[in-house]
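**Student:** Have a look at this one before I ask anything.
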Amino acid sequence: MTPAKSVGLASLRVAESETQRSALRHTGEEQMDTEENDTTRTDRTPAPDPAGPQGMAAVAAAVRYATAPGYRVNVRSGPGTQYAVVRQLAAGATVTISCQVYGEWVTGPYGTTRIWDCVAAGQYISDSYVHTGSDGFVAARCA
């Protein structure tokens, strides 16, 4: 290969790369290429780091879950019906789950479970009234 052809190919590659970057900027997407992964992100906000200072609770807290339609769900001071009702959620409310814990078995519209969701400090609702899309834990376990 002659030096002129080498320079021409290198220029072509740079031009192709600039065209791809320009197209990605135009659509608002960012592409990252590494030897180990090829990832395309559609936003520029970094994902929360589960190993970071807030841990898994920060990741789970970003998700809101719907409570069972037509039910005013009791929020209790602990993970069982023997605990005092501290407030009642409006029908159709959504909640964030900071952590989850095993407690009393409860049957509700989404089945029978002993998982209780902590929705605020010292406030729990039975997971059987929350549509999480899972029969298991969707957040970190409460300490």
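The values are calculated or read from the model by the stated rules, or taken from the named source; none is laboratory data. All of these numbers come straight from a predicted model, not from anything done at the bench. Counting neighbours? That spans all protein chains shown, and the Cβs are built from the backbone with ideal geometry, glycine included. Side chains are part of the model used for accessible areas, which takes the heavy atoms of the whole protein and leaves out ligands, DNA and RNA. Shrake-Rupley method; radii C 1.70, N 1.55, O 1.52, S 1.80 Å.
**Student:** In region 96-137, what residues are part of a loop (DSSP other than H, G, I, E, B), under 14 Å from Thr67 (Cα atoms) and free of Cβ contacts under 8 Å to residues at least 60 places away in the same chain?
**Tutor:** Hits for region 96-137 are Ile97, Pro109, Tyr110, Gly133, Ser134.
**Student:** Mind counting the residues in region 64-118 that are aliphatic (A, V, I, L, M) and open to solvent by 30 Å² or more (accessible area, probe 1.4 Å)?
**Tutor:** 7
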